[in-house]
1. Which one of Leu197, Leu193 is at pLDDT 95 or above, in contact with a Lys or Arg (Cβ under 8 Å, 6 or more places away or on another chain) and either acidic (Asp, Glu) or within 28 Å of Val63 (Cβ to Cβ) (or both)?
2. So which residues in region 233-271 are over 23 Å from Val110 (Cα atoms), part of a strand (DSSP E or B) and out of contact with any Pro (no Cβ under 9 Å at 6 or more places or on another chain)?
3. State whether one or more residues within region 316-326 are at pLDDT 80 or above and open to solvent by less than 60 Å² (accessible area, probe 1.4 Å).
4. I'd like the full set of residues that are surrounded by 15 or more Cβ atoms within 10 Å (Cβ to Cβ), modelled with pLDDT of 95 or more and among the hydrophobic types (A, V, I, L, M, F, W, C), limited to region 1-12.
5. Just checking, which of Gly114, Gly95 is over 15 Å from Ala43 (Cβ atoms) and part of a strand (DSSP E or B)?
6. For region 184-213, give me each residue that is over 22 Å from Gly232 (Cα atoms) and touching a residue at least 24 places away in the same chain (Cβ under 8 Å).
7. Suppose the filter is touching a Gly at 6+ places or on another chain (Cβ under 8 Å), of a type outside the set (A, V, I, L, M, F, W, C) and modelled with pLDDT under 95; does Gly167 pass it?
Amino acid sequence: MELDLSPRLPKKVYGGDGGSYFAWCPEELPMLRDGNIGAAKLALEKNGLALPRYSDSPKVAYVLQGAGTAGIVLPEKEEKVIAIKKGDSIALPFGVVTWWFNNEDTELVVLFLGETHKGHKAGQFTDFYLTGSNGIFTGFSTEFVGRAWDLDETTVKKLVGSQTGNGIVKVDASLKMPIPKKGDREGFVLNCLEAPLDVDIKNGGRVVVLNTKNLPLVGEVGFGADLVRIDGHSMCSPGFSCDSALQVTYIVGGSGRVQIVGADGKRVLETHVKAGALFIVPRFFVVSKISDSDGLSWFSIVTTPDPIFTHLAGRTSVWKALSPEVLQAAFKVDPEVEKAFRSKRTSDAIFFPPSN
């Protein structure tokens, strides 16, 4: 069966006045299931609250738009109430309970990417809600809940049955929600638009990498992430992950062209992408991108905590390491052509600005 790597948009799973939850479907993007990857997006309207929940999969959340508040409770820890804004990345390991709230006029949009190796469904997140019409305690009998919480039957019914919303609700504007606490962001959030750059190529591109040094919880989720931004008509060097990692890429902004080449030199994807699309690069496949005039930015996870990439252009590419005689024989060219080839792209850059 031919491999389908076409970029996809998410589908709405549920929602209402408070906002909506979207997810990418393994049936439409088979690489999700094959790679045990989950991808979803939360969009909250003003006063929208994503009810407290936990998941069967570790994730990285990235705030695509807006600002708001997130509540995070690690196992046997106190709640962290965090102010979040566009560009924020948050690592969410197993067992963490979260809620999300938007008190601004602008829609709050949060992307979730993660692994589903231990999930109930390959390629799909399963969330377990603490409250609401599908909350965990709606499944227990009144007797069990009452004994667990030491409450009478009438109070139990009010607590469990009053919230008829499912997953996302709209909070009455008169209700004062928790105020973010200073210092709670430390160790939990990295803003990729403000963090020091790991790569900065003039007129080419910029990269911020999430790792255990700048976001310690990344070590607990088990995979890395980065935000890449390239300027108009620039190119991201062809390269591949040489440690058997999958690359899951969400287009944050701009537009451009993508090509992926797999085994036997076969081009398996050639497409034009724009904001909102998601695609996956299989293990060892080579990918390259060229932006349109408006530039191109993407947020990715790589399914290993410390990914290693091999680039096929630039001074540090494998071509520069191979012997001239091997290149002459391999390409079947004379020394002059090999010399011209070797003399090009002598910088360490992985992003190439447009030629003058």
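1. Leu193
2. From region 233-271, those over 23 Å from Val110 (Cα atoms) are 233-245, 257-271; that's our starting set.
Then drop every residue that is not part of a strand (DSSP E or B), which leaves 235-241, 257-261, 267-271.
Scanning region 233-271 gives Cys236, Ser237, Pro238, Gly239, Phe240, Arg257, Arg267, Glu270.
3. yes
4. None; the set is empty.
5. Answer to the selection: Gly114.
6. Selection gives Asp184, Arg185, Gly187, Phe188, Val189, Leu190, Asn191, Leu210, Asn211, Thr212.
7. Numbers: touching a Gly at 6+ places or on another chain (Cβ under 8 Å): yes; of a type outside the set (A, V, I, L, M, F, W, C): yes; modelled with pLDDT under 95: no.
Taking the combined requirement at face value, the residue does not satisfy it.
Per-residue answers, yes or no, for (1) farther than 30 Å from Pro30 by Cβ; (2) part of a strand (DSSP E or B); (3) basic (Lys, Arg):
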{"residue": "Ala83", "(1), (2), (3)": "yes, yes, no"}
{"residue": "Ala91", "(1), (2), (3)": "no, yes, no"}
{"residue": "Trp100", "(1), (2), (3)": "no, yes, no"}
{"residue": "Val110", "(1), (2), (3)": "no, yes, no"}
{"residue": "Lys118", "(1), (2), (3)": "no, no, yes"}
{"residue": "Phe128", "(1), (2), (3)": "no, yes, no"}
{"residue": "Thr131", "(1), (2), (3)": "yes, no, no"}
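The values are calculated or read from the model by the stated rules, or taken from the named source; none is laboratory data. In this text the structure is predicted, and so the values were computed from the model without any measurement. Don't worry about glycine lacking a Cβ; one is built from the backbone with ideal geometry, like all the others, and counts go over all protein chains shown. When the accessible area is computed, the model is the full protein with side chains, heavy atoms only, and any ligands, DNA or RNA have been set aside. Shrake-Rupley method; radii C 1.70, N 1.55, O 1.52, S 1.80 Å.
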